[in-house]
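Take a look at the structure set out below.
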Amino acid sequence: MSLRRTPPKTSASATQRARSALQPPVGPATATMNSPVFSQTSGESDAVAAHSTDQFRDSPSQLTRTALSLNDLACDDIVTKRVKRKFDLEGGSQEFSQSTTSFIEDLFSSFSTKIEKRFAALHVSINQIADQNCDTQKSLSFMSEKYDHLFEKLKTMEEERLNDKKTIQTLEDKIELLEKRSRATAVEIRNTPRIYQQNNRPESKTDLCDIVKILAKAVNCSLQESDIRDVYRIPSKHETSRPIILDLNSVIKKEALLNAIKEFNRNKGKGEKLNTSHLNLPGTSKPIYVSEALTHKTQKLFFVAREFAKEYNFTYCWTSRGVIYLRKDEKQPYVRVDHEKELQSLKNSISK
């Protein structure tokens, strides 16, 4: 950086410069040294000022000459240049570089150690996860095999169940058929009170045979004691009037008795139909009902069929030889009912 000082417009005389030189040390030289120009001088200007001060201390004449020369210098063009000091890198810099390098190496070494430890832990975790995945895959494979095995077993069991269901249904039908055949010659007489003789003697089969013979005589049906194979009462909710099962020797005799009862009740009022008064039984007159002896399964189905006939306005619902029939009216054909699915089919056809 160079500075140039502009000289004054009017140059001072030699006398004035000499007077200025005789003033105390706080003179032009000191002022000049404190001026902004000298504050920005290089090392050489500082050396010149120090030398001038030493000369002033030695002799006043030297001070005067120095002041004059400095004044002259102040009046002339002065160009100063700041010289940058060079930083010594040979000694301390080398030590700093070595210490910095050592610090960085230690830092990287510590960082590398930590990274290696973390990677080692991560590697262990990954191996554990891989082992767990392998175990999980084995478990899933095992469960999948078991599931397939159970599925096949369940499928086989379902097929066996369906076959067993068909077999059971077939066996039930056979048992039902055997029961119907065993009851093919039997009739059921309901709502007949029990007879107690003197000394509260229990009702005997002879008493039951007498009741049956009186009933047959009342409806104009010939029935001998030899036509009766067996007669007995079956359990019921009403102990005083349990149903009587009459087993005859032939189906022909059974049908003859049933037809005679139907003919007797035809075209008669409610009180004139077959009742306990026709059997000469004591007590209030009660209606007597005679029908085929049905199996337990057929009885349940017959009850459902009668309810169906009431709901859908079927005029006729009857049984013949252990089979249930339905008929809408006299002009419609009859429908045989062997299972409840026939009733469901009728419901679907009617709803359409």
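The values are calculated or read from the model by the stated rules, or taken from the named source; none is laboratory data. What you are looking at is a predicted structure, and each value in this text was computed from that prediction instead of being measured. For neighbour counting, all protein chains shown are included, and Cβ atoms are generated from backbone atoms with ideal geometry for every residue, glycine included.
Summary of computed values
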item	result
Residue that is nearest to Val290 (Cα to Cα) [pool: residues in the stretch 314-327 that are at pLDDT 90 or above and in a loop (DSSP other than H, G, I, E, B)]	Thr315
The stretch 328-352 - residue that is of a type in the set (S, T, N, Q) and part of a helix (DSSP H, G or I) and, of those, farthest from Thr298 (Cα to Cα)	Ser351
Check on Ala260, surrounded by 16 or more Cβ atoms within 10 Å (Cβ to Cβ) and in a loop (DSSP other than H, G, I, E, B)	no
Residue match in the stretch 204-217 (condition: surrounded by 12 or more Cβ atoms within 10 Å (Cβ to Cβ), touching a Ser or Thr at 6+ places or on another chain (Cβ under 7 Å), part of a helix (DSSP H, G or I) and in contact (Cβ under 8 Å) with a residue 60 or more places away in the chain)	yes
